[in-house]
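The values are calculated or read from the model by the stated rules, or taken from the named source; none is laboratory data. Quick caveat: nothing in here was measured; it's all calculated off a predicted structure. Here the Cβ positions follow ideal geometry from the backbone for every residue, glycine too, while neighbour counts run over all protein chains shown.
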Amino acid sequence: MAYEQLKQEVIAYSKEIGIDKIGFASAEPFAELKARLKEQQELGYASGFEKGTIEERTEPKRLMPGAESLIAIALSYPTRMKNEPKSVKGDRRGMFARASWGTDYHIVLKEKLDKLAAFLQEKLAGFESRSMVDTGELSDRAVAERAGIGFSGKNTLMISPEYGSYIYLGEMITNVPFTPDDTITDGCGTCTKCIDACPTGALVEPGRLNSQACMAFQSLTKGFMPDEHRNKLGNLIYGYETCQVVCPYNRDVDFHHHEEFEPDPELVKPRLLDLLSISNREFKEKFGKMAGSWRGKKPLQRNAILSLAHYKEKAATDKLIELMQQDPRPVIRGTAAWAIGKIGEEKGFDAIEEAMKRESDHEVLVEMEKGLDFRIEHTN
């Protein structure tokens with residue numbers, strides 16, 4: 001009874017500190033997840049960003065030997081912004097996916113979990129815990145699902161009946177034997193909108209994602225983006241969210257519960273040409289507090305170049321020529337050459353031919369050839 005009362009006190013306190021949903025689960029091993037993760041690995045579907053071994057990711061007691069229960073939390077985030085700047089010809093803008101709006105959610109959720117831990121520490125002698133948000137070994141989604149936060153959708157995202165999939169997740173392992181909450185049964189039914197809308201077929205079957213093919217994953221890579229993905233990025237420079245946008249659970253969902261997650265329109269929808277000229281210091285000062293900055297500026301700049309190609313933005317040709325000629329990074333030089341060709345100005349093709357005489361990097365030369373191949377398309 002004492003633990004049940006404590007649980008109710010934790011729930012009440014979680015509301016006080018602005019946690020939208022909280023759930024409790026057992027710390028038993030995640031047997032089904034373990035088998036699935038092994039399959040993912042064998043199929044080559046893992047992203048490579050996962051932390052820890054499969055055993056550590058599915059057995060809480062390996063991370064904290066005294067583990068008795070798990071606490072899952074969820075915070076909603078907004079889907080619409082006020083005063084959204086327009087992306088127009090001559091002044092094109094990119095877009096950070098909604099999951100990167102406002103202050104980095106890792107920081108915000110970790111603070112909430114720290115407050116919960118401090119609350120429990122005061123109430124209980126010998127209290128032990130370990131918290132994680134996204135970058136820990138445990139699967140946030142598996143913990144949240146077991147704790148009744150929501151159900152795992154066919155798009156592999158946690159879907160809450162109240163907040164849709166626009167939620168951030170975090171969890172805490174504790175040595176307190178809290179009573180587990182009931183799980184929510186699958187709510188997708190026969191709907192396959194996310195699978196049908198996935199532009200690369202990354203959702204290979206309901207609930208299974210080939211991370212390597214996912215556009216959100218591709219937006220984070222640091223090398224050349226595969227040819228077949230380049231035209232699918234649109235104006236997104238970080239993340240990808242078609243599988244969320246089409247989900248019926250996300251229709252008209254837009255919660256503004258947390259000031260920290262409110263978007264700065266100029267940051268989440270930045271001018272693409274400005275992004276190509278930004279220094280490391282400026283980038284850190286301007287974008288450093290956003291979740292989308294964690295991979296550094298290079299992937300974002302590569303994606304910005306692809307976005308300019310998507311728009312066929314002729315006003316960007318001179319800047320792209322400058323990057324192709326002078327940037328020390330092969331990925332930026334090569335992607336710029338490809339984009340110049342796609343935009344299709346004659347001075348751009350001439351610049352590619354001239355730059356090829358001085359270029360020594362094989363991969364960049366291949367991209368320059370691809371850029372020149374667009375000339376046929378533009379002369380027809």
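Below, the figures for the structure above:
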item: Residues within the range 76-134 that are surrounded by fewer than 17 Cβ atoms within 10 Å (Cβ to Cβ), polar (S, T, N, Q) and closer than 30 Å to Glu313 by Cα, tallied; result: 1
item: Cβ-Cβ under 7 Å pairs, at least 6 apart or on other chains, the range 146-173 side assigned by TED's automatic domain parsing to the domain that holds Glu111 and aromatic (Phe, Trp, Tyr), far side in a loop (DSSP other than H, G, I, E, B) and at pLDDT below 95; result: Phe151/Ile184; Phe151/Thr185; Phe151/Asp186; Phe151/Gly187
item: Test: residue in the range 345-359 that is under 32 Å from the mean Cα position of the chain (by Cα) and in a helix (DSSP H, G or I); result: no
item: Residue in the range 38-59 that is more than 23 Å from the chain's Cα centre (by Cα), touching a residue at least 24 places away in the same chain (Cβ under 8 Å) and either assigned to a helix (DSSP H, G or I) or crowded, with 16+ Cβ neighbours inside 10 Å (or both) present; result: yes
item: Inter-residue pairs, beta-carbon under 6 Å, first within 9 Å of Gly334 (Cβ to Cβ) and among the hydrophobic types (A, V, I, L, M, F, W, C) and in the range 357-371, second at pLDDT 95 or above and buried (at least 17 other Cβ atoms within 10 Å of the Cβ), 6+ apart; result: Val364/Pro330; Val364/Arg333; Val364/Gly334; Leu365/Glu359; Met368/Ala337; Met368/Ile352
item: Yes/no for Pro263 being in a loop (DSSP other than H, G, I, E, B) and surrounded by 15 or more Cβ atoms within 10 Å (Cβ to Cβ); result: yes
item: Residue check, Tyr45 at pLDDT below 95 and not polar (S, T, N, Q); result: yes
item: Hits in the range 221-260 - residues which are among the basic types (Lys, Arg) and not in a helix (DSSP H, G or I); result: Lys222, Lys232, Arg251
item: Tabulated pairs, the range 103-114, first in the same structural domain as Gly18 (by TED's automatic domain parsing), second hydroxyl-bearing (Ser, Thr, Tyr) and buried (at least 16 other Cβ atoms within 10 Å of the Cβ), C-beta under 6 angstrom, 6+ apart or interchain; result: Tyr105/Tyr168; Leu109/Tyr168; Leu113/Ser131
item: Cβ pairs under 8 Å, 6+ apart, first in the range 298-323 and within 18 Å of Tyr240 (Cβ to Cβ), second assigned to a helix (DSSP H, G or I) and basic (Lys, Arg); result: Leu306/Arg230; Ala309/Arg230; Ala309/Lys342
item: Restricting the range 362-380 to residues that are modelled with pLDDT of 95 or more and β-branched (Val, Ile, Thr), the residue that is surrounded by the fewest Cβ atoms within 10 Å (Cβ to Cβ); result: Val366
item: Tally, over the range 157-202, of residues that are assigned to a loop (DSSP other than H, G, I, E, B), modelled with pLDDT of 95 or more and touching a strand residue (DSSP E or B) at 6+ places or on another chain (Cβ under 7 Å); result: 10
item: Residue among Ser152, Ser129 that is under 13 Å from Leu70 (Cα atoms) and not aliphatic (A, V, I, L, M); result: Ser129
item: Residues of the range 206-241 that turn out to be under 14 Å from Tyr45 (Cβ atoms), among the charged types (D, E, K, R) and without any contact (Cβ under 8 Å) to a residue 60 or more places away in the chain, as a count; result: 0
item: Residue tally, condition in contact with a strand residue (DSSP E or B) (Cβ under 7 Å, 6 or more places away or on another chain) and under 21 Å from Pro60 (Cβ atoms), over the range 12-47; result: 9
item: Residue tally, condition at negative phi, under 22 Å from the mean Cα position of the chain (by Cα) and not aromatic (Phe, Trp, Tyr), over the range 157-187; result: 12
item: Condition met for Pro263 (of a type outside the set (A, V, I, L, M) and more than 30 Å from Glu363 (Cβ to Cβ)); result: yes
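The rows are residues; the columns are (1) buried (at least 18 other Cβ atoms within 10 Å of the Cβ); (2) among the hydrophobic types (A, V, I, L, M, F, W, C); (3) touching a helix residue (DSSP H, G or I) at 6+ places or on another chain (Cβ under 9 Å).
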{"site": "Leu308", "(1), (2), (3)": "yes, yes, yes"}
{"site": "Thr317", "(1), (2), (3)": "yes, no, yes"}
{"site": "Ala336", "(1), (2), (3)": "yes, yes, yes"}
{"site": "Ile343", "(1), (2), (3)": "yes, yes, yes"}
{"site": "Ala351", "(1), (2), (3)": "yes, yes, yes"}
{"site": "Met356", "(1), (2), (3)": "no, yes, yes"}
{"site": "Ser360", "(1), (2), (3)": "no, no, no"}
